[in-house]
Every structure is written in structure tokens, then in C-alpha cells.
Amino acid sequence: MLSTVEVAKRIGVSKSTLLRWLDEGLVDDVERDWRGWRVWRSRDVQRVKAFRKAYHSKPIRRIRRGTLSRTEYAKAAAQSMGSFAKGYSPRPGVGM
């Protein structure tokens, strides 16, 4: 089990980037312990690594952001890169 900081270092992004991906719904949130802290398992790390690889593999189709809310924009961006997300598999029953 890893902390959010450790996971961010392993996948090569900052902690704030990883938390932003979680906040915007681009990556499914993980389980939490009794204190409310995120508990990252190896399958969660692999899922986020696959997302990062897909996210940076090709440019995301540009969307005029002025007409969409932040959440709608994040969902549209995630759908746009969905075809490049080979190896990314959300947990069963969880999705956009």
C-alpha cells in the first residue's frame, strides 16, 4: 500500500497533478483507510500509469472551453483520449 505522494513519484507526475486527475474524474478514486487517507494498491498504480501513458501519447482534440464547465471539459477530454487508453481498465461498476 502506497501514499499519494509515493504513487505520484512512481508514475512521474506531481502530487497536485494526480489529485487534479482524481478531482476531475479522469482517474477513478481509490479506497481509503480509517483516517480517510487514500490507500493505493499495485492495481491502482498500474491503472494510473496506463492513464498517464494514454494522456501523453497523442494530442487531445481541442474543445472550446468557454461553453463547457470544468467537469464537462474534463469528461470530454477523457472521452477524446479513450481510444488511446489501451491497458486502462476502470474498476467494475465505476465509470464516466
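The values are calculated or read from the model by the stated rules, or taken from the named source; none is laboratory data. What you see is a predicted model; the values in this text were computed from it and never measured. Reconstructed Cβ throughout: ideal geometry from the backbone, glycine too, with neighbour counts over all protein chains shown.
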Counting only residues that are in contact with a Phe, Trp or Tyr (Cβ under 7 Å, 6 or more places away or on another chain) and in a helix (DSSP H, G or I), how many does region 22-60 have? 5
Selection within region 1-56 - without any contact (Cβ under 8 Å) to a residue 40 or more places away in the chain, under 24 Å from ALA77 (Cα atoms) and either among the hydrophobic types (A, V, I, L, M, F, W, C) or touching a strand residue (DSSP E or B) at 6+ places or on another chain (Cβ under 7 Å) (or both): THR4, ALA8, VAL13, LEU18, LEU19, TRP21, LEU22, VAL27, VAL30, ALA50, PHE51, ALA54
Could you check, for region 81-94, whether at least one of its residues is within 23 Å of THR4 (Cα to Cα), at pLDDT below 65 and among the aromatic types (Phe, Trp, Tyr)? yes
Search region 31-58 for residues being touching an Asp or Glu at 6+ places or on another chain (Cβ under 9 Å) and closer than 10 Å to MET1 by Cβ, and hand back the single one that is surrounded by the fewest Cβ atoms within 10 Å (Cβ to Cβ). GLU31
Output for region 11-21, where each listed residue is in a helix (DSSP H, G or I) and either acidic (Asp, Glu) or more than 9 Å from VAL48 (Cβ to Cβ) (or both): LYS15, SER16, THR17, LEU19, ARG20
